[in-house]
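The values are calculated or read from the model by the stated rules, or taken from the named source; none is laboratory data. In this text the structure is predicted, and so the values were computed from the model without any measurement. FYI the Cβ positions are ideal-geometry reconstructions off the backbone, even for glycines, and counts take in every protein chain you see. These accessible areas exclude ligands, DNA and RNA; they are computed on the full protein's heavy atoms, side chains included. Shrake-Rupley method; radii C 1.70, N 1.55, O 1.52, S 1.80 Å.
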Amino acid sequence: MINPDEMHSRNNAVMAFNKEIGLRPDEEILIKKFFPTPPVWILDLGCGNGRTTVSLNDMGYKVIGVDISEPLIRSAKQINPSGNYLVGDVRSLSFRPEQFDAVLFSWNGLDYIYPQEKRKNVINDIWTVLKPGGIFFYSSHNMFGVWTRIWKPIWLTLNALRFMKDQIPIRRYLLEWYCVWRDEALGRPIFYSAPPKVQMKLLQRTKWTVLAVRSVRHPLIAPKMLTDVHVNYICKKM
C-alpha cells in the first residue's frame, strides 16, 4: 500500500488533479451561504493544484493554500502565480492561534489522515487557528453510501467482493471507520468513512457547533445515509 504522504505526489495523481480547477457547485453554494463576507482570511487545507484557492481569491478572500504534495503546489503556483501557496503538513500546522476567519478542507482531504486519533488532533488544531465564530467546512466519505453504491448495479458485484477483500489486512481500522478504496490516481488509500450521525457526535464532543450537514449531490438538503457517498459538514467555533 502506498505511503499516504506520497500518494498525492505520484504522476497519476498530479495529472488527475490538474484536470480540475474551480469550486464544485456544492462548494460554491455552501461557501456563499456560510462563509463570512470577504475580504477575510481563509485557510485552504489540502489545496492540491489550487482548485479551490483560485476561486476563493476570485471571490475576494485572502487565502493561504496548503498541501503536502510539492508537485501539486508547483502546479498551483503555475496556474495562479499571484496565489499564496505553502508546502505543509496539516498534522503540524504552524499558524498563529485565531489567525483565520474560515478553514476549508475540500474533497475528502481530511479522510486520508489516520488513525482516528491523528484525525481528531488535526480537527483540534483547526479549531486553534480559527477566530471565535470562525467556520470550518469539510467533506467526508459515508461508509454506508459506499457499500450501497458498490453493490449496484449487479455487474459491480465483482468490485464489491474485491472491496471486501481489501479490508481484511486493515480490519483493525474498520473499528475506527476506516477502509481501503481503490483509486486509479492514488492507488489504494485508507480513508475515514463514518456516517453523518457518528461524525456529528465526534465534532460536538470536540467543541464544534455543527451548523449544517449536506449532501454533496444535493447541497440544499440533508444527506441520505444509504445513497450519499460524500457528505459536506459546516461547523462553527463558538
Of all residues in the range 34-53 being open to solvent by 30 Å² or more (accessible area, probe 1.4 Å) and among the hydrophobic types (A, V, I, L, M, F, W, C), the one that is farthest from residue 139 (Cα to Cα): 41
Please go through (1) of a type outside the set (Val, Ile, Thr); (2) in contact with a strand residue (DSSP E or B) (Cβ under 9 Å, 6 or more places away or on another chain); (3) open to solvent by 10 Å² or more (accessible area, probe 1.4 Å) for residue 201 and return the number of the only condition it doesn't satisfy. (2)
Pick from the range 15-33 the residues that are of a type in the set (Asp, Glu) and touching a helix residue (DSSP H, G or I) at 6+ places or on another chain (Cβ under 8 Å): which of them is surrounded by the most Cβ atoms within 10 Å (Cβ to Cβ)? 27
Among (1) in a loop (DSSP other than H, G, I, E, B); (2) open to solvent by less than 40 Å² (accessible area, probe 1.4 Å); (3) without any contact (Cβ under 8 Å) to a residue 40 or more places away in the chain, the one test that residue 63 misses: (1)
Odd one out for residue 80, checked against (1) under 27 Å from residue 180 (Cα atoms); (2) touching a helix residue (DSSP H, G or I) at 6+ places or on another chain (Cβ under 9 Å): (1)
Among the candidates 56, 23, residue that is assigned to a loop (DSSP other than H, G, I, E, B), within 27 Å of residue 133 (Cβ to Cβ) and hydrophobic (A, V, I, L, M, F, W, C): 23
Say we look at the range 162-178 and pick out the residues that are more than 24 Å from the chain's Cα centre (by Cα) and modelled with pLDDT of 75 or more; which of these is least open to solvent (accessible area, probe 1.4 Å)? 162
